[in-house]
Amino acid sequence: ASLARSTADLGLSQNELFTITQAVSQSMAVSGTSAAAASGAITQLGQAFASGVLRGDEFNSVNEAAPRIMDALAASLGVTRGELRAMAEAGELTSDVLSRGLLQQAPRIAAEFGTMGDTVARAFQRLSNSVLQFVGEANQATGVSAAIASGITALANNIDTVARAFGALATVLAAATVALAVPL
């Protein structure tokens, strides 16, 4: 959401914004960035997009916490990481350069991410990404994000009830499966 607000002036499509968001998220995972460091780097990256340029403390934060993002930017520009720092100091890492670089490198980042082992956290992140993409597209088409947000909040507030219901359903299905498999 913050990235969407920060990149509004770039005229990115919903799909391009999702691709950039996913590339940033996957870069954090590939880099092995902790949740706290990733949060800080994402904040700094969002500020860079909002201000129109990545440099100074924002550059340093992203460079330290998200080296894969910096590698992607360097590759997209055909420069070294050292040259990337010089470009940041010169104010050449504009929001447009950042977005084009991340869009260009997104397939490579996704391929690296795909080779990582699956975890519950990554599975939930994929679910979260899918929900965010759906909500964005649904809101763009119909403006129903408030209703979806209300439904998600209701689910979150009643997750224990939902989990018990799924547990009961799984038990019934397991019992039915066993009953059907036992010869009479």
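Can you say whether ASP71 is part of a helix (DSSP H, G or I) and loosely packed, with under 15 Cβ neighbours inside 10 Å, as far as the supplied structure shows?
no
Suppose we filter region 86-132 for residues that are outside any helix (DSSP H, G or I) and modelled with pLDDT of 90 or more; how many remain?
The total comes to 5.
Taking SER76, is it in a helix (DSSP H, G or I), hydroxyl-bearing (Ser, Thr, Tyr) and open to solvent by less than 10 Å² (accessible area, probe 1.4 Å)?
In short, no.
Given ALA36, ALA29, which one is open to solvent by less than 60 Å² (accessible area, probe 1.4 Å), more than 18 Å from ARG100 (Cα to Cα) and at pLDDT below 90?
Every option except ALA29 fails the conditions.
Out of region 48-68, which residues are surrounded by fewer than 17 Cβ atoms within 10 Å (Cβ to Cβ) and not in a helix (DSSP H, G or I)?
GLY52
For region 45-79, what are the residues that are modelled with pLDDT of 95 or more and over 19 Å from GLN26 (Cα atoms)?
LEU77, GLY78, VAL79
For region 78-106, give me each residue that is within 16 Å of ARG68 (Cα to Cα), touching a residue at least 12 places away in the same chain (Cβ under 8 Å) and of a type in the set (S, T, N, Q).
Selection gives SER99, GLN104, GLN105.
Among VAL30, VAL53, which is the only one that is of a type outside the set (Gly, Ala, Ser) and in contact (Cβ under 8 Å) with a residue 60 or more places away in the chain?
From the options VAL30, VAL53, the qualifying one is VAL30.
The values are calculated or read from the model by the stated rules, or taken from the named source; none is laboratory data. What you see is a predicted model; the values in this text were computed from it and never measured. Counting neighbours? That spans all protein chains shown, and the Cβs are built from the backbone with ideal geometry, glycine included. Side chains are part of the model used for accessible areas, which takes the heavy atoms of the whole protein and leaves out ligands, DNA and RNA. Shrake-Rupley method; radii C 1.70, N 1.55, O 1.52, S 1.80 Å.
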